[in-house]
Structure formats: structure tokens, C-alpha cells
Amino acid sequence: MAETQPDANGQTVDGASEYFRNTQRPKQLSKHEALAKEFIQYHVETNPDRRIAIVTSGGTTVPLEKQTVRFIDNFSAGTRGATSAEYFLQADYAVIFLHRQFSLLPYSRHYSHSTNCFLDFMDEADDGGVIVADEFQAKMRRVLQQYQHAKKNRLLLLLPFTTVTEYLYALRSLATLTKPLGPRTLFYLAAAVSDFFIPADRLEEHKIQSRETADGKGSGKKLIIDLDPVPKFLKTLVQQWAPKGSMVVSFKLETDPELLVSKAEESLSRYQHDCVIGNLLTTRKWEVVFITRDRGEKWIRVPKARRSKSFSGVENMVGLADHKKEPEQIDLEGGTVTEGMEIETLIIPELKRMHDDVIARQERH
Ligand code: 9Z3
């Protein structure tokens, strides 16, 4: 949807405000707000220099019924968000992890879901107990130490959402609650947020029937879904919700290499935030492009030899969206606990440097 649209009197109405006016406040929001408030307050009081990254992760659902049986979803497993959260923690940020319920979580992601089933890492011990198999000991110990450090120091807050409405309400609340941190807040918007939804006044109460019912609803053959555009909340986040001087990083996902850079540039100039990270569906674990006002277009790539083979991407598409053909090959060693190098190990330090500049600029003012 356009950010603003004319109402019946021809007046412009902010799309996001309109959305919240017409959409019921999620039940769990107050509980999540209380947890976030306590988390933020703890960090403000215990360490005045602490930075907090609000990392969003996973896909949002769009329910087709109020008593939801069916919904529209998307592909995101939350790998980018969960992995990035770990590297933010490593970079000394506290992290509020706003994630799709049951998507990947920092640390446990190494041992969850079907691709990394925790049972595959275990063995029966001779004494009748259960142990971690020898070959996985070193890595699991490292992951466990990092996890326990985050837990002990209250550095990670996990907040789940399911629907696009729950996501938008939570993001608005978090942005408002981080006000006391000012520029030390960093928004890292990696969640794959639906662009379309069904407004509450057009949503069926009960399960949509697959064959003709007494009231004539349910055609028997086709289900035609009429979706409205979700308001462009990024503009409202930047202009109204987020603390003054905070840093906002959004992601732009495309499938067509011809469009990626121009779409990411368009997003930055439209919303005037700090950085858009562009990625292609098929190469997203091996390359991303940073679009910023001062530094223009900057590609970050995992060196060929260190690209994870477990990702079913399309390797010969690497470089196709880069029209300047000036590949930035950063060859770093170490820093990863999974097979191959995780690109987030390059993304997060780069953002931290940018955040240093943002904070320094604010302090000079
Ligand atoms: C991304 O582009 C993320 O990097 C991915 C991560 C969703 C591709 P996975 O969960 O995937 O690791 O499998 N996120 C943002 C996508 C998005 O919805 N962006 C909006 C847009 O493109 C702007 S906020 O319009």
C-alpha cells in the first residue's frame, strides 16, 4: 500500500495508523511488552554503554479465518535472524529476538529441526546413560558455553509472533520501549514480512468450507482470496516509532538479479534509514549487498572455498546482481561453528562499525 492514502474526505491518512486502528491488539502483547521493558531497564541500569539489537526473524502468517485453520505463509526458516543474533551477542550487543514461533533460535538452531535433529548428535553410553557423540563434543561445548553466557548475563530475550499483525504490534511496542537507549538501539529487520493481509472486517469467523454451504459461502471449486496491502511500516518505524538517532537496517529480498540493487536503493531513498541489505533467494547465504547513503553499494561474499554446501542455493547465480562487477572478497579465517562460513560473521562486524559512527555522530550533536 502507499504509505498514505486519501480517506472519504480526500484527507491523507497514515497507512500504519489506519492499520492499527482497524486491527485488534494481540492478546499476548502486554506480556511481551512487560518482558521487554524489564529487559531494557536492566541493561540501561547495569551498563550505560550497552547496545541493544532488535533482531526480527522468520516469516509472518496471514490468517484466512478468525478461528484460524488456514493461513498464508512463506519460506523463511529464520536462519538469517537466528545466526545474526549469535554474532550480535558475540559483538557485545544485548539482543531482543522477535521471531516467528517455532522458527530457528540462536544456539539451539545448531541442533534443531529435521536438518540438524538433536538425536543425530547423541549416543548411548556404556553405563546406561546418554552422551554427546565424540565427534560433536567440541562444537557442542562451544555452543553451550555461548548459550549459557547469554543466559547468565540476561543478554537474550526471545519474543515469539505468528501473524503479521502480532509482528507489527510487537515491533511498534519494542521501538517505543527502547527510547531510553536512543542511538544505542539497532533495528535489524530480517523477518520475511507478508506484503498482503485480509482486514479484520473481511475475515471469516469460521473455517472456510470447501463445498457449498446453506449461506452460499464456499464455491465448491475455487477459493478466491482478496488481500489488501500491508502498510509500509518501515517509514513509520523510522519517522515515528524508533528512538531518535537509532540505527535501522532492513533487508530486501528479490529473486530477479536484475532488480535487486535498484529495489534496495529505492527502499533506502524512500524510507531514509541507515542501510538496506539486499539478498537473492538463491544466493542469500553466500552474498549480500549493503546499500547505504555514504558508501553506496558494497558487496559482501563468502569466499568460494568456504561456501556451505548444505544450502540448496544456485551457486552460478553468485555475482549476477552485481552490475559493477567489483566483487568484494573478504577472506577471513574462523568465526564459524557450522559447516562452511556463515555470511553473518561478515555482516555483523560491518554493521557494528557503522553503528559506532552513528553513535559518535549523535554524541557530537
Ligand atoms: C530477508 O531478506 C532475509 O535475509 C531472508 C532470510 C528472509 C531472505 P532465512 O530465514 O531467509 O534465513 O531462510 N528478509 C527480509 C525480507 C522482507 O520481507 N523485506 C521487505 C521487502 O523486501 C522489507 S522489510 O519488501
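Nothing in this text is a laboratory measurement; each read-out follows from the coordinates by a stated rule. None of the values given here were measured: they were computed from a predicted structure. Ideal geometry is used to build each Cβ from the backbone, glycine not excepted, and the neighbour counts take in all protein chains shown.
Values for this structure:
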item: Stokes-Einstein D (µm²/s) once Rh is taken as the Kirkwood radius of the stretch 250-364 over alpha-carbon pairs, at 4 °C in 1.567 mPa s; result: 87
item: Radius 14 Å from Cβ of Pro48, net charge of other residues (Lys, Arg +1; Asp, Glu -1); result: -1
item: Order of Phe75, Phe97, Phe102 under a 10 Å beta carbon neighbour criterion, fewest first; result: Phe75, Phe102, Phe97
item: Residues His273, His206 arranged by fewest to most Cβ contacts within 10 Å; result: His206, His273
item: Out-of-range pairs (alpha-carbon distance over 31 Å; input Lys31/Lys207; Lys252/Lys352; Lys151/Lys179; Lys37/Lys235; Lys244/Lys304; Lys207/Lys285); result: Lys244/Lys304; Lys207/Lys285
item: Listed residues Gln101, Leu35, Gln67: farthest to the positive end of the dipole of the chain (Cβ charges); result: Leu35
item: Surrounding net charge for Pro243, when Lys and Arg each add one and Asp and Glu each subtract one, Cβ distance under 10 Å; result: +3
item: Built amide H within the under 5 Å cut-off of Tyr93, gap 5+; result: none
item: Chain lengthening between Asp134 and Lys27 when straightened (0.36 nm per residue, less Cα-Cα); result: 34.0 nm
item: Residues whose placed amide H lies under 5 Å from that of Leu159, excluding near-sequence neighbours; result: Phe97, Leu98, His99
item: Cβ crowding within 10 Å averaged over residues, with 199-205, 230-236 ranked highest first; result: 230-236, 199-205
item: Principal axes of the chain: Cα extent on each, largest first, Å; result: 64, 61, 48
item: Test item: Cα-centred dipole of the chain, Lys/Arg +1 and Asp/Glu -1 on Cβ, debye; result: 700
item: Dimensions (Å) - the stretch 222-302, Cα atoms, principal axes, largest first; result: 49, 34, 19
item: Cβ charges +1 (Lys, Arg) and -1 (Asp, Glu), total dipole of the stretch 250-364, debye; result: 20
item: The chain: calculated mean residue ellipticity at 222 nm from DSSP helix runs of at least 4, using -39500 (n - 2.57); result: -9500 deg cm²/dmol
item: Alpha-carbon centroid distance for the pair the stretch 247-263 / the stretch 126-158, whole angstrom; result: 36
item: Tensor-based shape of the stretch 115-271 (alpha-carbon gyration tensor, a/c under 1.5 rounded, otherwise prolate or oblate); result: oblate
item: Karplus-derived HN-Hα couplings along the stretch 151-159 (A = 6.51, B = -1.76, C = 1.60, θ = phi - 60°), whole Hz, x at Gly and Pro; result: 5, 4, 9, 6, 9, 10, 10, 9, 10
item: Table column - 3J(HN,Hα) (Hz), the stretch 267-276, Karplus curve with 6.51, -1.76, 1.60, x for Gly and Pro; result: 4, 5, 6, 6, 9, 6, 9, 8, 7, 10
item: Paired Rg and Dmax values of the stretch 19-101, which use every Cα atom, in angstrom; result: 15.9, 46
